[in-house]
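What follows is a set of notes on a single structure, which appears directly below.
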Amino acid sequence: MKSPVRKEFSKQLFKKYDELARAATKEHLKKERGYNTVDHHDKYAQDLIASKPDEWGIHLSDPFCVECEVKTVWSGAKFPYDTVQLPERKKKFFNKLTLFYIWNKELTHAITFWSEKVKHLTTVEVKNKYVKKGERFFQIPLSLTTIIKK
């Protein structure tokens, strides 16, 4: 079986944006939703685990996972595309309830969506600046997403 075509991991992009995306996501989940977040203990799993404490500070709600990133081609408040492209390689995160946060490059706005709402979508091959041929993406209609402001 032919292995999937994927963008090569960029340590430089990871170092530049990973902590920023995590911090923005943690801040939004705490300030706007009241969720506590911790970094996931497995570096190959989703980025964060979120849970909401009850009035006594005990976490009684079911925790969920959070995956966050920065989309450097998005600037400003308005998302510039008709769909959100999620790399097929991230379907491994559909194994647990996951909330995705995709931040603009200024980290002022994010587009969010739940794994449960998009896991049924079919992937399509999309040419992009990193991989000219063969990489597959879920193309998520904006109607399945929410744009939030930090």
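The C-beta contact set for region 22-35 (first residue more than 10 Å from K150 (Cα to Cα), second residue assigned to a helix (DSSP H, G or I), distance under 8 angstrom, 6+ apart or interchain) comprises Y35/L29.
Across region 86-97, the qualifying residues are those that are at pLDDT 95 or above and in contact with a Lys or Arg (Cβ under 9 Å, 6 or more places away or on another chain), and the one among them that is surrounded by the fewest Cβ atoms within 10 Å (Cβ to Cβ) is F94. Here Y35, Y44 are screened, and the one residue that is surrounded by 14 or more Cβ atoms within 10 Å (Cβ to Cβ) and at pLDDT 90 or above is Y35. Within the set of pairs 6+ apart or on separate chains, which have a first residue in region 98-121 that is closer than 13 Å to L144 by Cβ and touching a residue at least 12 places away in the same chain (Cβ under 8 Å), a second that is assigned to a strand (DSSP E or B) and open to solvent by 60 Å² or more (accessible area, probe 1.4 Å), and C-beta atoms under 8 Å apart? Filtered contacts from region 98-121: L99/W114; F100/W114; I111/T146; I111/I147; T112/T146; T112/I147; F113/T146; L121/Q139. Pairing residues of region 134-150 that are in a strand (DSSP E or B) with residues that are of a type in the set (K, R) and open to solvent by 50 Å² or more (accessible area, probe 1.4 Å), at Cβ distances under 7 Å and at least 6 apart in sequence or on separate chains, gives E135/R6; E135/K7.
Annotation for region 73-83: at least one member residue is within 21 Å of S115 (Cα to Cα), modelled with pLDDT of 95 or more, aromatic (F, W, Y) and open to solvent by less than 40 Å² (accessible area, probe 1.4 Å).
Looking only at region 79-90, residues that are under 11 Å from the mean Cα position of the chain (by Cα) and among the charged types (D, E, K, R) come to 1 in all. Taking the criterion of being open to solvent by 20 Å² or more (accessible area, probe 1.4 Å), of a type in the set (A, V, I, L, M, F, W, C) and modelled with pLDDT of 95 or more, the residues of region 98-150 that qualify are L107, W114, L121, L142, L144, I147. The listed residues are K78, K105, and the only one of them that is out of contact with any Leu (no Cβ under 7 Å at 6 or more places or on another chain), of a type outside the set (G, A, S) and over 22 Å from Q46 (Cα atoms) turns out to be K78. For region 15-53, a residue qualifies if it is in a loop (DSSP other than H, G, I, E, B), touching a Ser or Thr at 6+ places or on another chain (Cβ under 6 Å) and under 14 Å from E69 (Cβ atoms), and exactly one does: Q46. Against the list (1) among the aliphatic types (A, V, I, L, M); (2) within 22 Å of L29 (Cβ to Cβ); (3) at pLDDT 90 or above; (4) surrounded by fewer than 16 Cβ atoms within 10 Å (Cβ to Cβ), the condition I58 fails is (3).
The values are calculated or read from the model by the stated rules, or taken from the named source; none is laboratory data. Please read all numbers here as calculations on a predicted model, not as lab measurements. For neighbour counting, all protein chains shown are included, and Cβ atoms are generated from backbone atoms with ideal geometry for every residue, glycine included. With ligands, DNA and RNA removed, areas are computed over all heavy atoms of the protein, side chains included. Shrake-Rupley method; radii C 1.70, N 1.55, O 1.52, S 1.80 Å.
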